[in-house]
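Worksheet for the structure shown next.
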Amino acid sequence: MEKFEGKNIADILKTIKKDKTLIKMRLPGKDYECLTIITDVLTSRHKSAFMIDSPKDFQPAFGGLNDIKMHFEFTGKDNLSYTFKTSGGEIHNDEIKMKFPDFINRKQRRKDFRLEVPPGTSLHIKINSKLLKMTVLDVSLGGTLIALVGQMSESENKQFIKIGECFEDIELIFPMEGKSFKSQIKEATIVRVIKGSLKPKNCCALQFVSIDKNEEKALTKFIYKYQQQLLRKRLRL
């Protein structure tokens with residue numbers, strides 16, 4: 001376990017705000033859990049604070065925050081688990097303002113904090129003028145983990161499964177109750193290749209390098225809402 005204090009706290013919070021990293025918020029003893037994002041980081045010598053997007057069901061359920069304890073967890077770009085806690089705060093319209101935690105912990109073990117996708121989610125990409133369909137295993141606002149569906153020639157396979165390989169004009173398709181949500185990615189790069197019995201063959205991680213701002217906003221909204229729906233279903237079980 002590694003502990004971050006002082007200026008490091010602001011740096012970490014600013015990074016996950018910039019990257020639009022989804023963080024899991026849990027209220028111990030309240031049987032409440034949700035996903036949210038940091039919307040602002042306010043630093044000062046005397047009292048630093050951060051803002052999060054307020055879930056729609058939060059204020060009706062808890063009203064004023066008073067001294068409610070909140071635990072947070074997220075996965076950093078290093079694929080390690082980070083946790084911190086704080087308490088109390090103020091509700092400002094659709095946001096919650098909370099004081100900085102005393103410290104942030106980072107666990108020195110990798111954790112696959114997957115953002116689930118609807119069954120049948122796929123990614124479509126062109127290689128050598130051939131349109132190929134990939135299975136999307138999980139997705140984030142910065143990239144996706146995919147596996148090949150169907151057949152590829154040996155030469156195509158070698159070309160595709162290569163760290164640093166770039167692709168353009170990619171389409172993500174999320175099927176949802178008879179409809180589908182589509183997201184266009186201008187450019188993406190393979191940053192990791194995963195092989196092993198626990199993952200499908202030819203599995204790799206794509207990082208989104210370029211995406212239109214409107215597309216990014218729409219993808220952010222879709223992922224955020226879908227993850228919230230999943231958490232609500234689990235809490236009702």
Within segment 83-101, the residues that are touching an Asp or Glu at 6+ places or on another chain (Cβ under 7 Å) and modelled with pLDDT of 90 or more are THR83
Conditions (1) in contact (Cβ under 8 Å) with a residue 60 or more places away in the chain; (2) not in a helix (DSSP H, G or I); number of the one not met by HIS71
(1)
Among what's in segment 130-177 and is surrounded by 14 or more Cβ atoms within 10 Å (Cβ to Cβ) and among the polar types (S, T, N, Q), pick the residue that is modelled with the lowest pLDDT.
ASN157
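Could you tell me whether LYS182 is of a type in the set (D, E, K, R), exposed (fewer than 15 other Cβ atoms within 10 Å of the Cβ) and either modelled with pLDDT under 85 or at positive phi (or both)? First the steps, then the outcome.
Values: of a type in the set (D, E, K, R): yes; exposed (fewer than 15 other Cβ atoms within 10 Å of the Cβ): yes; either modelled with pLDDT under 85 or at positive phi (or both): no.
Here the answer is no, as LYS182 does not meet what is asked.
Out of segment 1-28, which residues are small (Gly, Ala, Ser) and in contact (Cβ under 8 Å) with a residue 40 or more places away in the chain? First the steps, then the outcome.
Step one: filter segment 1-28 for residues small (Gly, Ala, Ser), giving 6, 10.
Once the filter is applied, which keeps residues that are small (Gly, Ala, Ser) and in contact (Cβ under 8 Å) with a residue 40 or more places away in the chain, segment 1-28 yields only ALA10.
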Checked against (1) surrounded by fewer than 19 Cβ atoms within 10 Å (Cβ to Cβ); (2) touching a strand residue (DSSP E or B) at 6+ places or on another chain (Cβ under 6 Å); (3) modelled with pLDDT under 85; (4) not small (Gly, Ala, Ser), PRO55 satisfies every condition except (1)
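Rundown of residues vs (1) at pLDDT 90 or above; (2) within 26 Å of LYS213 (Cβ to Cβ), yes/no style:
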position: ASN8; (1), (2): yes, no
position: LEU27; (1), (2): no, no
position: THR36; (1), (2): no, yes
position: GLN59; (1), (2): no, no
position: SER81; (1), (2): no, no
Return yes or no: is ILE37 under 22 Å from the mean Cα position of the chain (by Cα), not assigned by TED's automatic domain parsing to the domain that holds TYR224 and not small (Gly, Ala, Ser)?
yes
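The values are calculated or read from the model by the stated rules, or taken from the named source; none is laboratory data. Since this is a predicted model, take the numbers as computed values, not measurements. Please note: Cβ atoms are built from the backbone with ideal geometry, for glycine as well, and neighbour counts cover all protein chains shown.
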